[in-house]
Amino acid sequence: MSQSERSARVRLVDVARAAGVSKTTVSDALNGTGRLPAATREHVRQVARGLGYRPNATARLLRKGHTRLLGVTAREYVEMPWVYADLAYFSQLTTAMTQAALAHGYGVVLLPTSGPEDCWLDMPLDGVFVIDPVAGDPMVGDFLAAGVPVVSDRRALAEAGSGAQEIGRWVDFDYDGAARQVLDHLEDAGAERIAVVAATATACFYQQSVSAYRDWCAERGREPRIVCLPSPGVQQTLDAVRELLTAQVPPDALVTLVELSPPLLLDTIRRLGRSVPDDLLLVCATEDSAASYTDPPVSTLSFLPGETAQAAVQLLVDRIEGREGDHGRLFSADLQIRTSSAVPGRRPAVSRVTPG
């Protein structure tokens, strides 16, 4: 008989019978509770080990009111439940969150962006990280109403009402500052016609970045050059780039806020007869590590998935385990300036902004 077969058949009552004690005594001995003589406690544990008994961890946690499971989901495209898993940003964020959660003794469950009614409430979660919530996000509101701690952005918690401040926590970015940092950098490099590829989405990232771009252009009397995609996808993004670069008066700088492979983007630009950075400066919002190895290396705007995930886990665990902790963390994006957007004749510098 294998060890697994023995373990599957051994029950608490079997240990009690073999040890010559009650089930209550066995439970107290194995859980470290009750007032038992040390010899009795050790005797029960030795019998349990000898029989191959393993307590049901799930049942034990549920009795204590915890599952030690954290949920994570991205709501940017709610009609496409798993599209975010294909993007480098979300892939790195979920990996970092899993590692950070494990260090605290928690596991991570990936939640779909949408489902029938409030199906996510059927999942036994101790806390949830909702990334890029939609306006008036029902997932954030449902979890908070059910008493489940949530980490999301400040707008989502504000929309959820005053009660959300008690069990809700937030991580957020200065998206306006990040967009202006990129635009100012390109202007300093000599760009006069800066185009942007973004998305039509209610996530704060896109809304605030696009708003900052339009304001920046208005302040300088420039006409915005922008294409907002209705849905994610490589082909749609490349088509948007082609649309901008084949205009009668093409841009001399391009910012892609929709994540895309830097090598693929550079290849598309070359096929359109443009050269980076000679006649087109380029900055991409991406976490793709290939950006630093392309020819030329591509300047990137990073929204720090690793640091964001660690902060979210710490905020959730502090709230779940009853520690006061912080109520939120505000980050600044990290602009890595490389050859693709460098001033001609000037050695590219790296502009790193630490979390705020």
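The values are calculated or read from the model by the stated rules, or taken from the named source; none is laboratory data. On a predicted model such as this, the values are computed, not experimentally measured, just so you know. FYI the Cβ positions are ideal-geometry reconstructions off the backbone, even for glycines, and counts take in every protein chain you see. Heads up: the accessible areas ignore ligands, DNA and RNA and are worked out on the full protein's heavy atoms, side chains in. Shrake-Rupley method; radii C 1.70, N 1.55, O 1.52, S 1.80 Å.
Return the residue satisfying two criteria in turn: it lies in the stretch 319-345 and is touching a helix residue (DSSP H, G or I) at 6+ places or on another chain (Cβ under 9 Å), of a type outside the set (D, E, K, R) and part of a helix (DSSP H, G or I), and of such residues it is farthest from Arg270 (Cα to Cα).
In this case the residue turns out to be Ser341.
With respect to Ala312, determine if the residue is under 30 Å from Gly71 (Cα atoms) and surrounded by 21 or more Cβ atoms within 10 Å (Cβ to Cβ).
yes
Regarding the stretch 309-320, can at least one residue be identified that is more than 20 Å from Asp334 (Cβ to Cβ) and touching an Asp or Glu at 6+ places or on another chain (Cβ under 6 Å)?
yes
May I ask you to list the residues in the stretch 103-116 that are at pLDDT 85 or above, assigned to a loop (DSSP other than H, G, I, E, B) and open to solvent by 50 Å² or more (accessible area, probe 1.4 Å)?
His104
Inspect all residues belonging to the stretch 214-223 and state whether any of them is free of Cβ contacts under 8 Å to residues at least 40 places away in the same chain and crowded, with 19+ Cβ neighbours inside 10 Å.
yes
Of all residues in the stretch 194-206, which are under 23 Å from the mean Cα position of the chain (by Cα) and open to solvent by less than 60 Å² (accessible area, probe 1.4 Å)?
Val197, Ala198, Ala199, Ala201, Thr202, Ala203, Cys204, Phe205, Tyr206 - these are the residues of the stretch 194-206 that are under 23 Å from the mean Cα position of the chain (by Cα) and open to solvent by less than 60 Å² (accessible area, probe 1.4 Å).
Taking only pairs six or more apart or across chains, which ones have beta-carbon atoms under 8 Å, a first residue in the stretch 253-281 that is closer than 23 Å to Ala88 by Cα, and a second residue that is charged (D, E, K, R) and open to solvent by less than 40 Å² (accessible area, probe 1.4 Å)?
Close Cβ pairs satisfying both conditions: Glu259/Glu287; Leu281/Asp252.
Just checking, does the stretch 139-158 include any residue being out of contact with any helix residue (DSSP H, G or I) (no Cβ under 6 Å at 6 or more places or on another chain), modelled with pLDDT under 70 and not aromatic (Phe, Trp, Tyr)?
The answer is no, given that none of the residues of the stretch 139-158 is out of contact with any helix residue (DSSP H, G or I) (no Cβ under 6 Å at 6 or more places or on another chain), modelled with pLDDT under 70 and not aromatic (Phe, Trp, Tyr).
I'd like to check something: does the stretch 267-279 contain any residue that is out of contact with any strand residue (DSSP E or B) (no Cβ under 8 Å at 6 or more places or on another chain), open to solvent by less than 40 Å² (accessible area, probe 1.4 Å) and within 16 Å of Asp188 (Cβ to Cβ)?
Yes - at least one qualifying residue is present in the stretch 267-279.
Among the helices (runs of 4 or more DSSP H) contained in the stretch 117-186, which hold 1 or more residues that are touching a Phe, Trp or Tyr at 6+ places or on another chain (Cβ under 8 Å) and among the basic types (Lys, Arg)?
Filter on the stretch 117-186 gives 154-159.
Go through the residues of the stretch 192-207 one by one and say whether even a single one is touching an Asp or Glu at 6+ places or on another chain (Cβ under 7 Å), modelled with pLDDT of 90 or more and not in a loop (DSSP other than H, G, I, E, B).
Looking through the stretch 192-207, at least one residue is touching an Asp or Glu at 6+ places or on another chain (Cβ under 7 Å), modelled with pLDDT of 90 or more and not in a loop (DSSP other than H, G, I, E, B).
Of the conditions (1) in contact with a Phe, Trp or Tyr (Cβ under 7 Å, 6 or more places away or on another chain); (2) modelled with pLDDT under 95, Met97 clears all except one; give me its number.
Met97 satisfies all of (1) in contact with a Phe, Trp or Tyr (Cβ under 7 Å, 6 or more places away or on another chain); (2) modelled with pLDDT under 95 except (2).
Take Val298 and decide whether it is aliphatic (A, V, I, L, M), in contact (Cβ under 8 Å) with a residue 60 or more places away in the chain and crowded, with 17+ Cβ neighbours inside 10 Å.
Answer is no for this residue.
Can you pull out the residues in the stretch 173-193 that are touching a strand residue (DSSP E or B) at 6+ places or on another chain (Cβ under 6 Å), within 13 Å of Arg222 (Cβ to Cβ) and open to solvent by 10 Å² or more (accessible area, probe 1.4 Å)?
Of everything in the stretch 173-193, nothing turns out to be touching a strand residue (DSSP E or B) at 6+ places or on another chain (Cβ under 6 Å), within 13 Å of Arg222 (Cβ to Cβ) and open to solvent by 10 Å² or more (accessible area, probe 1.4 Å).
Can you say whether Thr33 is open to solvent by less than 80 Å² (accessible area, probe 1.4 Å), over 26 Å from Gly107 (Cα atoms) and either part of a loop (DSSP other than H, G, I, E, B) or at pLDDT 75 or above (or both), as far as the supplied structure shows?
So Thr33 fails the test.
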